[in-house]
Every structure is written in structure tokens, then in C-alpha cells.
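One structure below.
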Amino acid sequence: MSKSLPKRSENYSEWYNELVKRADLAENSAVRGCMVIKPYGYSIWEKMQRALDDMFKETGHTNAYFPLFVPKSLFEAEEKNAEGFAKECAVVTHYRLKNNPDKPGKLMVDPEAKLEEELIVRPTSEAIIWSTYKNWIQSYRDLPLLINQWANVVRWEMRTRLFLRTAEFLWQEGHTAHATKEEAIAETEQMLHVYATFAEEFMAVPVIRGKKSANERFAGAEDTYCIEAMMQDGKALQAGTSHFLGQNFAKAFDVKFVSKENKQDYVWGTSWGVSTRLMGALIMAHSDDEGLILPPKLAPIQVVIVPIFKGEEQLNLISETILPIVAELKKKGISVKFDHSDKQSPGFKFAEYELKGVPVRLAIGARDLANGTVEVARRDTKEKKTYAIADIVETVSSLLEDIQVNIYQRALAFRAENTHKVDTWDEFTKILEENPGFIAAHWDGTSETEEKIKELTKATIRCIPLDAVEEVGKCILTGNPSTKRVIFAKSY
């Protein structure tokens, strides 16, 4: 249970790993580098999917599905993209196995079943999708083409961590085609703001919206926009990206259209995605030494009711009062669990639901029933209060809204406390060592300086904020002129 969780202050990494496992979110699988997402963890991901999918559809996008395998010749058509992902690719070279004559009961790759062309297990789907778009787009009447895909991807990882970095992970990837550069840029920015809205309003995680530097840009993109979140150890986590692809993929796959002016041109593209890495962000941004703290909008169980009873008669009396309340809560769209099992003690249940981050817990016994009251505990503050049973439905509804806001405000305050403006190299390195977080500092805009800072400190430019203020300054490393501050941090 939660008592055996490591302390965040002592070993943040171990705390995270243990919490993911003990809260029944995920576990390592028999396949190296891959994870099993357990039902409770997958329930959270389903809520994320549902909310995001609704937001995508509200902005005019539709879902489709494309193959897992990408022929190598298609994959390498856009050279920068292929080069960027080459070292992470899983490759299929043969199409069947056969019995091993030297080891009865065992199998071996059939050497005669070599594929004429290797297949790449998709690390991302631009290649297969843009090769398909060539057949779908002929005229301006076919544009814009706004497609999203929910899928899995594979990127070989040497060092893995559940949800944050695994060889296979789940995600969505949007791929759109437009008649003009301006439309494609507007789409790229729109989807960044969709991600930011989701992170802040559903995950209760404040994010900085910005652009990546050229060094950090998606391979094959002209511009990469991102949202960056701060975890409780001060490290940054990239929570979503949206890429303006220009005409790069259209040219690589010869995707042209005839305009209203009857002229032929290449379409303009975007791609954007978030993954199960958001689960890691959710855990690390809010949770404590007792377990998960989940924002109500994403909690699989928003309210748990634990009856305290001796014998079936007491349980029946409590149930007569509680079951109508359960029904009323469900009518309001609130997910509620009435845990009347006698397999564990109430104390065990309290600890379990605290570990799993259930936002609101109700406890009711014979004495409460006689008094017409119920004890209500909120997970975010651990505050307990007694309320009248008659008002409990409205009380719980209001409380869930308050918890959602409070969790966000707490994370926002934490980010503010751990964001520092610095103007010198000494300040920069001191803060990185003593008080990690976001550092707003001047940078001279060169890749060489960016790489040198990373080499010396392991801190990277997380983003160039979209709302960065123009100001005269000097680069913290070189002293060369700079016109705005960028956000540096160590990251996941």
C-alpha cells in the first residue's frame, strides 16, 4: 500500500516507478522496453482519448486508420524525417518462421522467406499517410484534408520508464493538407491551443506554449510548436507537439492539387500528436507520497462511498439511503463506486482509494445514518468534513469542481515559484544545481551555443514562448545580443 511508497523528496524516480505499479496503472511486460497498461490506467487514457477526440471533431477532423508497416522506400522518401528516426526503427526483414530442425519444438526464421523490401514498424506515420494522400488529393475541392489517427507506434529505446519512454506507446497523430501556407500555419497553431486547453482544463496541468529551436524541431518540419509542463522535481516534460511541415512531405510524395486559378501546386502540410506520455505528466505533476492525485475530469472513479457496518442488517439500512444518492450522482454524469464489499476493512479501503487518487470519498456508518450525515474526504487537501445527507449530491458536485480548480491552481503556483529569470552564466548554473525548474534566459539564437549549453549543463531549450516579450539582452553563455528570453530546463 501507500505507506511503502518511496518519498518524492528522497528518490523522485523511484517514487514515480513504484506509484505507477502500486496504483495499478501499468507494469513492465515480457517484451523488453514495452509495458502493459492495466485496466485502471487504461480507464484514465480512455477519458483522455474521449475528451481529445471530441475536441478534434469539434475542429473539423475525422478519424481514419493507416497500416502499421511502412515500406522502407516510402519511409526514406523524406530524407530529413528518415534520418531523424533511423536509429529508432524496428525493421521486419522476413515474412515467416519454420520449425528448427536442430531444436525440436522450436522455431527459426525461414531464410528463404526474406522480404524483397524491408518494412519499417511505424515510428510515426507521415510516410504512409502522405503516400496515400497522393491518391486522395487532386483539386482544391479536396482541401483541406483533416485526418486524425489513434494508433500505436514503435521507437526503440535503450532506457525505458513506464509511460514516459517505452519502445511501444499509444498516441494520436493528426495529418492535414491545405491549399495555402497560411491555412497550414493556422491549423498548426490551432492544434497547439487544443492541446494546451486539454492539458489545463482536463489534466489541470499549466503549460507554456511555444516554438522549438531548430535543434529540437521535428525531423522534416519547418516549425515545431509545443506545450511544456513542469513536473514536481522541476524537470520539464514535453506534453504535446504540433508541426508545420511546409511542402516538404508533399514534394517527397508528389502530392499536388489544381487551384481555383487552375494552377498546379504542392499542398501544405501539418502533423500533431500527444501520447500516453500524458499519463506520466498527470502522475508527476500532482501526486504525493500517499499516492495519485487525479483531477476529477480524468478520474475513472470520481466518488467512492465506503459504508462502515457490522452485519448485513446495518449494510441494508445504509444501502437504502446510499443507493438513491448513487443514482442521482450518476444522473449528473459523475462516476461513483459504492464499495460495500466485506473483503477488506474500511481502513484498508480508505488507503487504497487514496493511493488510486479518487477525488472524493464518502464514509457512512450507523451513527452517521442516525444523525442524517456523511463524512466527506477530498483527496487533494485531505480535508474531512461532515455534511447533511440531504444535500450530499449538490455538495459532491460542487466539491468536484472545486478540486479540479484547486489542483490546477496548486500546479500553477508551483511553476511560478520554480521559474527563474537569470542574466548571467553563474546564476544559470547555480539554479540548475540548487533549485531546478524553468529558467527564462537570453540566448544568441545559434545552434552552436544551444549545443554547448546542453553539453555543459544537460539543460535544453524547452521552447521559445509564443508570448515572449521583445527585450534587449545578452546571451548567458556568449554575451552576444539577444532580443527575447527562452525557456531552459532539464527534461524527461
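Dividing the convex hull volume of the alpha carbon atoms of the stretch 374-458 by its residue count, what do you get in Å³ per residue?
120
Please give the Cα centre distance for the stretch 1-78 versus the stretch 252-267, rounded to the nearest Å.
What the calculation gives is 38 Å, centre to centre.
When the convex hull of the C-alpha atoms of the stretch 164-277 is computed, what volume per residue in Å³ does it have? The partial results should precede the final answer.
Values: hull volume 13.5 nm³, N = 114.
Cα convex hull per residue, to the nearest whole number: 118 Å³.
Hey, what's the Cα Rg ratio for the stretch 232-344 versus the globular rule of thumb, 2.2 N^0.38 Å?
Numbers: Rg = 26.2 Å, N = 113, 2.2 N^0.38 = 13.3 Å.
Against the compact-globule rule of thumb, the ratio is 1.98.
Heavy atoms only, probe 1.4 angstrom, no DNA, RNA or ligands counted: give me TRP136, TRP15 ranked by accessible area, highest first. Don't skip to the end; give the middle numbers.
On the way: TRP136 110, TRP15 0 Å².
From most accessible down to least: TRP136, TRP15.
Please give the per residue accessible area of the chain, computed with a probe of 1.4 Å over protein heavy atoms only, in Å². Intermediate results must be reported in sequence, preceding the final value.
Numbers: 23220 Å² over 492 residues.
Accessible area per residue: 47 Å².
Report, for the chain, the % of DSSP beta bridges that are antiparallel, rounded to 5.
On the way: 74 of 90 bridges.
Here the share of antiparallel DSSP bridges comes out near 80 percent.
By accessible area of protein heavy atoms, probe 1.4 Å, what ranking do LEU466, LEU145 get, highest first?
On the way: LEU466 80, LEU145 30 Å².
Largest accessible area first, the residues go LEU466, LEU145.
Rounded to the nearest 0.05, what FRET efficiency is calculated for VAL472 and ASP265 with R0 set to 35 Å and r the Cβ-Cβ distance?
Values: r = 41 Å, r/R0 = 1.16.
Here the calculated transfer efficiency is 0.30.
I want to check the label-to-label distance for THR381 and LEU412. Put each point 7 Å from Cα in the C-beta direction and report it in nm to one decimal.
About 1.7 nm, to one decimal.
Report the extension gain between SER345 and ARG367 in nm, rounded to one decimal, defined as 0.36 nm multiplied by the number of residues separating them, less their alpha carbon distance.
Numbers: separation 22, 0.36 × 22 = 7.92 nm, distance 1.76 nm.
Once the chain is fully extended between SER345 and ARG367, it gains 6.2 nm.
With a Förster radius of 45 Å, plug the Cβ-Cβ distance of SER447 and SER335 into 1/(1 + (r/R0)^6) and report the FRET value to the nearest 0.05.
Numbers: r = 49 Å, r/R0 = 1.08.
Computed FRET efficiency for SER447 and SER335 comes out at 0.40.
Note down the accessible area of GLU79, probe 1.4 Å, to the nearest 10 Å².
Approximately 140 Å² of GLU79 is accessible to the 1.4 Å probe.
Semi-axes of the equivalent ellipsoid of the stretch 8-80: what are they in whole Å, largest first, if each equals the square root of 5 times a C-alpha gyration tensor eigenvalue?
Details: eigenvalues 199, 97, 37 Å².
Value: 32, 22, 14 Å, ordered largest first.
What ranking of VAL396, VAL92 comes out by heavy-atom accessible area, probe 1.4 Å, highest first?
Values: VAL396 0, VAL92 40 Å².
I get VAL92, VAL396, largest accessible area first.
Sort all Cα-Cα distances of the stretch 269-330 into consecutive 5 angstrom bins from zero, then give the percent of pairs in each bin up to the one containing the longest distance.
4, 12, 16, 14, 11, 12, 13, 8, 5, 3, 2, 1, 1, 0
Suppose R0 equals 45 Å; then what is the FRET efficiency for ASP426 and ASN152 from their Cβ-Cβ distance, rounded to the nearest 0.05?
Details: r = 46 Å, r/R0 = 1.02.
So, using R0 = 45 Å, E works out to roughly 0.45.
Computing the accessible area with a 1.4 Å probe over protein heavy atoms, can you report the carbon and sulfur percentage for the stretch 67-179?
Values: 3200 of 6150 Å².
Reported share for carbon and sulfur atoms: 52 percent.
Given the stretch 75-199 reduced to its alpha-carbon atoms as identical point scatterers, what log10 I(q)/I(0) does the Debye formula return at q = 0.10, 0.18, 0.22 Å⁻¹?
Debye curve over Cα of the stretch 75-199, log10 I(q)/I(0) at q = 0.10, 0.18, 0.22 Å⁻¹: -0.50, -1.18, -1.35.
Order 312-325, 37-50, 174-187 from most to least packed using the mean count of other Cβ atoms within 10 Å. Let's see the in-between values first.
Numbers: 312-325: 14.9, 37-50: 17.2, 174-187: 20.1.
Order by mean packing, descending: 174-187, 37-50, 312-325.
LYS106 to LYS38: extension gain in nm, 0.36 nm per residue of separation minus the Cα-Cα distance?
On the way: separation 68, 0.36 × 68 = 24.48 nm, distance 3.09 nm.
Between LYS106 and LYS38, full extension yields 21.4 nm more.
Going by Cα centres, the stretch 308-364 and the stretch 414-492 are how many Å apart?
Distance between centres, Cα-based: 50 Å.
Expressed in whole Å with the largest first, what are the equivalent ellipsoid semi-axes of the stretch 330-400 derived from the C-alpha gyration tensor as the square root of 5 times each eigenvalue? Please report the intermediate quantities before stating the final value.
Values: eigenvalues 65, 53, 31 Å².
For the stretch 330-400, the ellipsoid semi-axes come out as 18, 16, 12 Å.
Using only Cα atoms, figure out Rg for the stretch 130-182 and give it as a multiple of 2.2 N^0.38 Å. Intermediate values should be presented prior to the final figure.
On the way: Rg = 16.0 Å, N = 53, 2.2 N^0.38 = 9.9 Å.
Expressed relative to 2.2 N^0.38 Å, the Cα Rg reads 1.61.
The values are calculated or read from the model by the stated rules, or taken from the named source; none is laboratory data. Note that the structure is predicted; figures quoted are calculated from it, not measured. Positions of Cβ are backbone-derived with ideal geometry, glycine not excepted, and every protein chain shown enters the neighbour counts. Each accessible area value is taken on the protein alone, full model and side chains, heavy atoms only, with ligands, DNA and RNA left out. Shrake-Rupley method; radii C 1.70, N 1.55, O 1.52, S 1.80 Å.
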